[in-house]
Number of protein chains: 2
Amino acid sequence: MVGKALLLGVDGGGTGCRARLVDLDGHVRGEGTAGPANIRFGIKESFAQVLRAADEALGQAGLTLEDADIVACLALAGASEPTRLAAVEAYRHPFRRVVYTNDAHAACVGAHGGQDGGVVIAGTGTVGWAVIQGRHYRVGGWGFPISDEGSGAWLGCEAVRRVLWAYDGRIEWTDLLAMLFGQFRSDAHLIVQWMTTARPRDFARHARAVVAYAGHGDPVALELVRSGAAHLDALAARLVTVGAPRLAMLGGLAEPMRPWLAAETAARLVTPAGDALSGALRLARLAAEPASAAAA
Amino acid sequence: MVGKALLLGVDGGGTGCRARLVDLDGHVRGEGTAGPANIRFGIKESFAQVLRAADEALGQAGLTLEDADIVACLALAGASEPTRLAAVEAYRHPFRRVVYTNDAHAACVGAHGGQDGGVVIAGTGTVGWAVIQGRHYRVGGWGFPISDEGSGAWLGCEAVRRVLWAYDGRIEWTDLLAMLFGQFRSDAHLIVQWMTTARPRDFARHARAVVAYAGHGDPVALELVRSGAAHLDALAARLVTVGAPRLAMLGGLAEPMRPWLAAETAARLVTPAGDALSGALRLARLAAEPASAAAA
C-alpha cells in the first residue's frame, strides 16, 4: 500500500467543492468537483460532496476509495467552529489519514506556499486569515447577515435593499437599481418571495452587476463598492496589525474589487503562489511525511 | 342571527396575534391572544392562530364560532402581498363575512380613527403606511434582512455585527458590546450557531439594550440608534411627501426611539387615537354596515 500512497486535497466551500489527487512526487493524478461542503449546514451532506469530488478524482487515476492509500486534507468551510470540527473529526471516513482544517486556512497556506502571510477572501462571503509564526489569526467571515461585509452576499443584499428604497420613493432610481428591479419583473413582492428562501449565494448573484455598474459611474453602485472595499480594507488592516508581512486577495470578487481598495491595502498585496487546493495538498503532505519517511 | 351580530377584529402580527370581539354598540364582549400570524410563513398556520385568538374571545362572550354571527376584519402581517392575499381570501373560514387587510393598514386606520394620516411602525420590523383620500401608500417593511431598517431586528443584527468586529479587533469594545458578548458566553461561535436559526424576533431581542445603552452614551449604541432613527425619519418623510397630514408612531420601539427622531418627524407626530385592533374593528364595522342597516 505504501508504494501507492497518494495525497488528496479538498477545498470545500459554501458554494462548491474541489478535490485534487497527487502522488508523492507532486504529479496530479485526478481532479473532481461537487456541490457545497460547508459543514455548518450538515456534516453528512458536506461529506457526501467531499466523497463525490474525491471519487471523481480517483476515477481519473483508475482507482477507487477502497483500494487507494490516501492521506487527505479536507479544508471545509465552517470547520473553524470547535464543536463542529470535533464532530467532523469523529466522522467515519475511508482515508488512511485525514487532516481537517477550514477553507480559509488552506487558502492562506496555498497563497504563501506555507510561509507567513495573510489572505483576504472575497467571494460569496468574506474572511481574513493569517498564519504568523505558527499562530492563526482570523478576522470576519462569521456568516451572512451578521458578518461577511463586503462580500458578494453583502453587496447583493445591499443593492436589493436600495431597489426597495427606490421603489418606495425614498431614493432616486439609478441604472443599476432599475436593471435589478427588472430581474424581479419589477415586482417588489417577488423580491420578498425570493428573499424568504434566499441563501447567501443567491444574494451574491447580484454582486457582479454592482461592481460592473460602479465602473460605469452608477452612484448607488459606486457607494456600495466603496463601502464594500472599505470593509475589505478593514480585514486587511487587522491582519497587518497582527503581523502579516504580506497579503493575498482571493475569491471571485478579489479581482473585481481590487481597483476600489485603499492604497495601504494594495501596497501589501502579493500574487498568490497557489490556491486553497494547493494549500490543502501541502497540509496533506505534511501529515503524510512521517509515513513517507518510514517508507524511504 | 342578525340580532346577535358581532364584530371581530384581529391584529395578526409576526410576533403575536390579538383578537377583540365587540357588539354593534361597541361593547367589548371578549378578547384573545395567540401566536404569530404572518401569512408569509403559511396561511394554514396563520389561520390556526387567528382562530385560537378568536375562540378565546368568543369563550369570554359565552359563544362558539358555530353559533355566532360574526363579521371579521383579519389584519394579517404579510397580507399586502397580492398573491398571498388572494390565497388567504380563498381560504375557508367560519365567519359570516371577512375583510382581509394587512396589520399596517389596520394600525393606520386605528391611529387616525379612519381619517387621513400615516403611521410609522417600529417593532420587530419597520413599515410606513398612509391612507390619504382613499389611496394607500406603503414605505418599507419588506422584511429582514433586505428591508426593515431601524427595526428591532435591524438594531439587534447591527449590534451583534459590531460585537464580532470588536472580537476580531476591528473596533474597540464598548459596554454594550461586552454585555452582548457575555450573553453569548463570550464565544463568537455561539453567535454563529444562534444566527443559523435566528428569526427577526430573535435579533430584535437585543434592540432594547441598544437603546438603553445609547441613553448612557455608549458610542456604538449611539451610532446605531442615530442611524436607526434616520431610517425611521426616512419612512416618515416619504409619507409626508405623498401627503400624510399627520403621523403616528407605533410599535414596541416607538417610544424608546422617539427621542432620537429628527425635529421634522417629531413635529408631525400625533398621539394615536387607537391601536391596530381598533382599526380592524372599524374596518369590520364598515363591512357589517349594510347588514346592520337592513336590520334597523
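The values are calculated or read from the model by the stated rules, or taken from the named source; none is laboratory data. In this text the structure is predicted, and so the values were computed from the model without any measurement. Because the Cβ atoms are built from the backbone with ideal geometry, glycine has one as well, and the counts that use them run over all protein chains shown. Each accessible area value is taken on the protein alone, full model and side chains, heavy atoms only, with ligands, DNA and RNA left out. Shrake-Rupley method; radii C 1.70, N 1.55, O 1.52, S 1.80 Å.
Of all complete DSSP H helices in chain B, those with a Cα span along the helix axis of 18 Å or greater and a mean Kyte-Doolittle hydropathy of -0.5 or more are B:43-60, B:152-168, B:219-241, B:276-295. Protection proxy ranking for A:277-286, B:196-205, using the average of other Cβ atoms within 10 Å per residue and placing the highest first: A:277-286, B:196-205. Distances between copies of residue A:243, taken at a point 7 Å out from Cα along the Cα→Cβ vector and listed shortest first: 6.8 nm. Measuring between their Cα centroids, region A:3-18 and region B:212-254 lie 50 Å from each other.
Within 10 Å of the Cβ of each residue in B:211-224, the mean number of Cβ atoms contributed by other protein chains is 0. Evaluated with a Cβ-only charge set (Lys, Arg +1; Asp, Glu -1), region B:184-272 carries a dipole of roughly 260 debye about its Cα centre, given to the nearest 20.
Using a Förster radius of 22 Å, what is the FRET efficiency between residue A:271 and residue A:205 based on their Cβ-Cβ separation? Nearest 0.05, please. Walk me through the numbers before you get to the answer.
Values: r = 28 Å, r/R0 = 1.26.
Efficiency for this residue pair is about 0.20.
Take each residue of peptide B:190-200, count the partner chain Cβ atoms within 10 Å of its Cβ, and average: the result is 3. Using a 7 Å projection from Cα along Cα-to-Cβ, the label point at residue B:193 is separated from the same position in the remaining copies by 3.7 nm, smallest value first. Sorted shortest first, the separations between the residue B:266 label point and its copies elsewhere in the assembly read 4.5 nm; each point sits 7 Å from Cα along the Cα-to-Cβ line. For the peptides B:11-17, B:152-158, the ranking by mean Cβ contacts within 10 Å, running from highest to lowest, is B:152-158, B:11-17. Please state the shape class of region B:8-117: rounded when a/c is under 1.5, otherwise prolate if a/b exceeds b/c and oblate if not, all from the C-alpha gyration tensor. Oblate is the answer for region B:8-117, as a/c is 1.5 or above yet b/c matches or exceeds a/b.
Considering only beta bridges that DSSP places wholly inside the protein assembly as shown, some 60 percent are antiparallel. Legend: mean number of C-beta atoms from other chains within 10 angstrom of residue C-beta atoms, peptide B:9-18, equals 0. Chain A residue nearest by beta-carbon to the axis mapping A to B, with distance in Å: A:145, 2.
When accessible surface is computed with a 1.4 Å probe, chains B and A are found to bury approximately 3300 Å² between them, both chains counted. The mean sequence separation of alpha-carbon pairs under 8 Å and at least six residues apart, normalised by the residue count of region A:231-281, gives a relative contact order of 42 percent.
Placing +1 at every Lys and Arg Cβ and -1 at every Asp and Glu Cβ, with all other atoms neutral, what dipole size does region B:1-104 have around its Cα centre, in debye to the nearest 20?
On the way: 11 positive and 13 negative charges, 44 e Å.
Value, rounded to 20: 200 debye.
Rounded if a/c is under 1.5, else prolate if a/b beats b/c, else oblate: with a ≥ b ≥ c from the C-alpha gyration tensor eigenvalues square-rooted, which is chain B?
Numbers: a/c = 2.55, a/b = 1.74, b/c = 1.47.
Prolate, since a/c reaches 1.5 and a/b exceeds b/c.
Taking label points 7 Å from Cα along the Cα-to-Cβ direction, residue B:25 and residue A:175 give a separation of 6.9 nm. Counting only DSSP beta bridges with both residues in chain A, the antiparallel share comes to about 60 percent.
Could you provide, to the nearest whole Å², the per residue accessible area of region B:174-296 with probe 1.4 Å? Don't jump to the answer; show the numbers that get you there.
Details: 5700 Å² over 123 residues.
Computed with neighbouring chains in place, this is 46 Å² per residue.
Since only B:160, B:47, B:145 are under comparison, the one whose Cα sits farthest along the positive direction of the charge dipole of chain B, derived from C-beta charges on Lys, Arg, Asp and Glu, is B:47. Across the alpha-carbon atoms of region A:168-296, the computed radius of gyration and Dmax are 20.7, 73 angstrom.
Assuming a ≥ b ≥ c are the square roots of the Cα gyration tensor eigenvalues, decide whether region A:151-217 counts as rounded (a/c under 1.5), prolate (otherwise, with a/b larger than b/c) or oblate. Don't skip to the end; give the middle numbers.
On the way: a/c = 1.81, a/b = 1.04, b/c = 1.74.
Oblate, since a/c reaches 1.5 and b/c is not below a/b.
For the protein assembly as shown, with only Lys/Arg (+1) and Asp/Glu (-1) charged at the beta-carbon, what is the dipole magnitude about the Cα centre, in debye rounded to 20? The partial results should precede the final answer.
Values: 56 positive and 58 negative charges, 33 e Å.
Rounded to the nearest 20 debye, it is 160 debye.
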